[in-house]
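Written out below as structure tokens is the structure these notes cover.
The values are calculated or read from the model by the stated rules, or taken from the named source; none is laboratory data. Treat the numbers as computed from the prediction; the structure is a model and nothing was measured. Neighbour counts are summed over all protein chains in view; Cβ atoms, including those assigned to glycine, are modelled from backbone coordinates with ideal geometry.
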Amino acid sequence: MPFPFFKRKSSIPELEKIAQETILDVKDIIAPSSIIVGDESIKLGGRLAKSFFIFSYPRYLSTGWLSPVINLDTPMDIAIFIHPLETGPLLKKLRRRVTEVQAEIAEREEKGLIRDPALETAYRDLETLRERLQTAQERMANLGVYITIYGENEKQLKEIETTIRSILEARLIYIKPNTYKQREGFISALPYGMDKIQRYTLMNTSPISSIFPFISFDLSSNEGILYGINKHNNSLILFDRFSLENANEVVFGKAGGGKSYAVKLEILRLLMQGVDVIVIDPENEYEFLADAVGGSFFNISLSSQNHINPFDLPVVREDEKPEDVLRANVINLVGLLRIMLGGLTPEEDAIIDRAITETYAARDITPETNPETWHANIPLMEDLESVLEGMEGTESLVRRLRKFTKGTYSQFFNQPTNISMEKSFVSFGIRDMEEELRPMAMFVIMRYIWNKVRSELKKRVLVVDEAWWIMQTEDGASFLYGLAKRARKYWLGVTTVTQDVGDFMKSTYGQPIITNSSIQLLLKQSPATIDVVQKAFNLTEQEKYLLLESAVGEGLFFAGPKHVAIKIVASYAEDQFITTSPEQVLKIKKAKEKLAKEKPLSEEEKLY
């Protein structure tokens, strides 16, 4: 039997109108088939959702504390609401609270009760916060953080909740479910910008900034060496320093913070990658490593048999002009003599410049002669003295220079070079050099290394340990800066290591050296220098506290624009090579001596 509307023409427009109204739109597609709101969760179609809010925070928050939650491989929604507050009324409340705490402390003292550390800590915190609010360094705000998780069933939901709780509670951060308010919690975590929960924690801007989650950089690549573990997400920090705009590195840390351990570990892994490594070692602590890897260790001192002639010249490459090479060498030598002679007047500076040029010319070393013949005629410091004696107005210069040609220092400064850098690992130890001569010795060694680096293009790393020694003089600091600035052209990476950050940064070249270093490793710092470090590296307050409280071998690793918290790790075999602990070193030596008495060591065993 046909339907009635086929007989009634007037019904057709009404049916067309109904059909148009029932067309599906986007909301119909994305909406769940049903929503059931429960006390502890919401059922969205076939899935469950559960929302939480954070209700308790610790006294200190580390940077990126929310990142481990975000990095979980599970879907969730997180909403962060920050409601700024007026400073004036808060200051009045703080003033009243400070007075109350102060009165309570005084009352306890009058009664003869033992001091309460919690009260004293609260008083200090309140005073600090009040001062920062008054000077507009901080603002106060109500912070609300809401999390909604999703699961296929109650069991999966519980597992995700347990994981999130364990991550946050390890940082003394606690969450609660939005019991009887799951609908409001679900809406608050959606990108509507509507805060229907309004569960707040009063907080100042410094700890609020630590919630910013997008800091978990991944520094893993297919090439390079292992620097350590990324503490943000436990991934490996694999990096090739030569892949950056320059291969320079600075390593800052207090004594015992793990600087030498980290640098030695990097050296060991670079050697396995075929990179040559050169070390300027003020404490002779790389000698054991040099023996272990079959490298060369040169003990540089006044009584040593290893000598470096300051007048040595680099090999002139095909793309260089002899006059440019000779001129650059003369300028560097003038800088060295400024250090040796305790400074030069403008007149003396000009005289020394001309005398060095004439000293080379006396040995037939000029821009016009064949550079291949230069190295057979290299002059010594005594030749410069002879030239100065033949010039007018040089009596003072000759007297001061004589200490280095005929006096106590002549054994080091007036000898021909008798060392070579053929091996892949070379260390120059200057521990036995007199303290006043160390800056000069480091300058001479760096000039020698620089000449060798320029002569042959090869992937190398130069480690300048305790660089503050060379930074004590203007010319030494200038030379180190020039080295770091030009190293990239010669496939060289300069690693500057120091524990005395204050002295390093006093030099006008301190900050430029940091700026010209693409990799920066900051380990545990002392309270006396942390403010200098914070300013030099533009650290947040949380990063500052991390460096103060970090364990040995932990800190911050900067690679170009990225930086992560790092933990340096080594295998047992690597640890035996690079350990700097006196107890461990003595233990290893005794074990080797005991083993040697029992049976002779093979060549392979001697390496261990």
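Observations on the model:
- The range 488-517: number of residues that are polar (S, T, N, Q) and part of a helix (DSSP H, G or I): 2
- Of everything in the range 40-57 that is more than 38 Å from the chain's Cα centre (by Cα) and part of a loop (DSSP other than H, G, I, E, B), the residue that is surrounded by the most Cβ atoms within 10 Å (Cβ to Cβ) is Ser41.
- Contact map, the range 63-74: residues that are part of a loop (DSSP other than H, G, I, E, B) and among the aliphatic types (A, V, I, L, M) paired with residues that are exposed (fewer than 13 other Cβ atoms within 10 Å of the Cβ) and modelled with pLDDT of 85 or more, Cβ distance under 8 Å, separation 6+ or inter-chain. No pairs are found.
- The set of residues in the range 384-419 that are in a loop (DSSP other than H, G, I, E, B) and touching a residue at least 60 places away in the same chain (Cβ under 8 Å) comprises Thr408, Tyr409, Gln415, Pro416, Thr417, Asn418, Ile419.
- Filtered residues of the range 170-206 (kept if touching a residue at least 40 places away in the same chain (Cβ under 8 Å), over 30 Å from Lys231 (Cβ atoms), assigned to a loop (DSSP other than H, G, I, E, B) and of a type in the set (A, V, I, L, M, F, W, C)): Leu190, Ile197
- Restricting the range 436-476 to residues that are within 15 Å of Val275 (Cβ to Cβ), part of a loop (DSSP other than H, G, I, E, B) and of a type in the set (D, E, K, R), the residue that is modelled with the highest pLDDT is Lys459.
- Filter result for Leu380 (modelled with pLDDT of 90 or more and closer than 19 Å to Ser304 by Cβ): yes
- Pairs linking a residue in the range 234-248 that is in the same structural domain as Lys489 (by TED's automatic domain parsing) to a residue that is of a type in the set (Lys, Arg) and assigned to a helix (DSSP H, G or I), with Cβ atoms under 6 Å and 6 or more positions apart or on different chains, are Asn246/Arg488; Ala247/Arg241.
- Residue count, the range 243-289 (criterion: over 20 Å from Ile566 (Cα atoms) and either assigned to a strand (DSSP E or B) or touching a strand residue (DSSP E or B) at 6+ places or on another chain (Cβ under 7 Å) (or both)): 12
- Count of the range 247-258 residues which are modelled with pLDDT under 90 and either over 23 Å from Glu287 (Cα atoms) or among the basic types (Lys, Arg) (or both): 1
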